[in-house]
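I have placed the structure first, in the form of structure tokens, so that the comments after it can refer back to it.
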Amino acid sequence: MGLWDSIKSHAGAQFLDVIQWLDDTRDTIVFRFPTFQQVIQDGGKLVVREGQVALFVQEGVLSPVFGPGTHELSTRSPAIAGFFQGIKYGFEGPYKGEVYFINTRVFTAQRWGTATPIPMRDKDFGIVRIRANGAFAFRITAPEVFFKEVVSTSGLVETEDITGQLKRTMLATLADTLGESKIPLLDLVAQYVDLGDALRERINPKFSAQYGITITDFAIEGITVPEDVEKAIDRRASMGATGDLAAFTQYQAASALGNAGAHGVGGTMMDAGLGLAMGQVVGQALGRSGVGAAAPAVPPPVEVRYHYNGPGAPQGEYTATQVAGFIAGHRTGNHQVWAAGWPSWQAASAVAEIARLVPPAPSAPPPLPGGPVFHYNGPSGNVQASAADVAASVKAHPGARHLVWRDGMPAWAEAASVPEIAALLGGAPPPLPPAGGPPPLP
């Protein structure tokens, strides 16, 4: 008796002509088709829509994955025949297994947030505890792995059933990524996209292997800091971020004076121990109004610090003035700089703030008196002499051998054959020595 004859003889069973899942939800990942008291009919259809896959399960055995399309449920279909031959009853009994549909579309707008603050070390504020939130998206890319590791015998799996584990792993990876990036707290906003991409690259191999899931998007929408850090940022912004300790002290005193005005100057300022600071602030205020002392000088702006890489100094952060000095000391070197917000490193000489500080290259020194200096070998011995001195020696000893050499000449040469010396001798140069003379000088 064949499979389908056995199925049709199964008492009380209702035959299934079409097996399909009409999904009208936005958060269902896995749906188990109801097969209780129902039997697959020979020649029936399995309809899998776009964004879905389907598989049969019986006795812990999974069928091949059926992708989008209409599949004939017949022993003539190799996938169906192969699956039924691989289970215990083969073709000798009704199919008692189950049919699962898995949603493979992208599940978007999955919210995430840090349950506890993440500590990070910042160069400006020290150890800071931050909170972050955002959204992510994922999809099932390996249905067999997902079914074995997540679904098991569940008849229905929704996004909330798995996003908890996903978020715990992602947030642990985010903490590691933030710690390794060493991005200053004030620059984090400009790095949200890069941080999200870095997290996906680190976490997707693990998610794919363990769950058959791929994170398609991870967005950081906000990072918050404790209230005291927010106030410190606000104070720095109010000062123009000068970073000057004296200016910061004056700002604090001015703030205290303003608060004291609302509560009475008498005991508040003295209790705060700010009598001297108040006097300075009042004097400055009178100066600004044209009474008493002149207005205080405006503090100079703080120079932007650039990340530097080049021959002038070890890699690190330097001001424009320092980088200009490195260029002046190594004018032919490759000096590269980068600042927060730039897409890539740039040649330091192309940055206007740095280029204007580079001093001009010194002009070449004038030639030495008497022209170039030669290494001379002749009656006067081995000495260094100018072209004029060599010419004088040739004239004083016309029958002797006079050899010269200087940087750029391939070998020693007769003095009279060198243009600079020949011009000083006048007339025809003396003849060269005969071949077979002494070996060249060392």
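The values are calculated or read from the model by the stated rules, or taken from the named source; none is laboratory data. What you see is a predicted model, and the numbers here were worked out from it, not measured in a lab. As a convention, Cβ positions derive from the backbone with ideal geometry for all residues, glycine included, and neighbour counts pool all protein chains shown. For accessibility, only protein heavy atoms count, side chains too; no ligands or nucleic acids. Shrake-Rupley method; radii C 1.70, N 1.55, O 1.52, S 1.80 Å.
Is at least one residue of the stretch 119-138 in a helix (DSSP H, G or I) and in contact with a helix residue (DSSP H, G or I) (Cβ under 8 Å, 6 or more places away or on another chain)?
no
Hey, can you tell me all the residues within the stretch 139-170 that are part of a helix (DSSP H, G or I) and charged (D, E, K, R)?
Within the stretch 139-170, GLU144, LYS148, GLU149, GLU160, ASP161, LYS167, ARG168 meet the criteria.
Restricted to the stretch 206-232, and to residues that are in a helix (DSSP H, G or I) and open to solvent by less than 50 Å² (accessible area, probe 1.4 Å), which residue is modelled with the lowest pLDDT?
ALA232
Return the total of residues in the stretch 326-344 being at pLDDT 90 or above, farther than 17 Å from LEU186 by Cβ and open to solvent by 40 Å² or more (accessible area, probe 1.4 Å).
The number of residues fulfilling the criteria is 2.
Scan the stretch 175-205 for residues that are under 15 Å from PRO119 (Cβ atoms) and in a helix (DSSP H, G or I) and report the count.
9
Does the stretch 100-136 hold any residues that are in contact (Cβ under 8 Å) with a residue 60 or more places away in the chain, closer than 14 Å to THR28 by Cα and surrounded by fewer than 18 Cβ atoms within 10 Å (Cβ to Cβ), and which are they?
VAL106, THR108
Considering only the stretch 308-318, how many residues are open to solvent by 20 Å² or more (accessible area, probe 1.4 Å) and either among the hydroxyl-bearing types (Ser, Thr, Tyr) or in contact with a Ser or Thr (Cβ under 7 Å, 6 or more places away or on another chain) (or both)?
Counting residues in the stretch 308-318 that are open to solvent by 20 Å² or more (accessible area, probe 1.4 Å) and either among the hydroxyl-bearing types (Ser, Thr, Tyr) or in contact with a Ser or Thr (Cβ under 7 Å, 6 or more places away or on another chain) (or both) gives 1.
Can you tell me which residue among VAL53, VAL65 is within 23 Å of GLY155 (Cβ to Cβ), at pLDDT 85 or above and open to solvent by less than 30 Å² (accessible area, probe 1.4 Å)?
Just a single option satisfies the conditions, and that option is VAL53.
Please go through the stretch 321-355 and pick out each residue that is in a loop (DSSP other than H, G, I, E, B) and in contact (Cβ under 8 Å) with a residue 24 or more places away in the chain.
Across the stretch 321-355, the qualifying residues are ARG331, ASN334, HIS335, ALA339, ALA340, GLY341, TRP345, VAL351.
Provide a single number: the residues in the stretch 394-418 that are open to solvent by less than 30 Å² (accessible area, probe 1.4 Å) and part of a helix (DSSP H, G or I).
Of the residues in that region, 3 qualify.
Taking only pairs six or more apart or across chains, which ones have beta-carbon atoms under 9 Å, a first residue in the stretch 372-392 that is without any contact (Cβ under 8 Å) to a residue 40 or more places away in the chain, and a second residue that is of a type in the set (Val, Ile, Thr) and in a helix (DSSP H, G or I)?
Filtered contacts from the stretch 372-392: TYR376/VAL390; GLY378/VAL390; GLY378/VAL394; ALA387/ILE421; ALA388/ILE421; VAL390/ILE421; ALA391/ILE421.
How about the stretch 68-79: which of its residues are of a type outside the set (D, E, K, R), at pLDDT below 90 and assigned to a loop (DSSP other than H, G, I, E, B)?
Passing the criteria: SER74, THR75, SER77.
Given the conditions (1) at pLDDT 70 or above; (2) open to solvent by 60 Å² or more (accessible area, probe 1.4 Å); (3) farther than 21 Å from PRO117 by Cα, and given that PHE248 satisfies all but one, which numbered condition is not satisfied?
(1)
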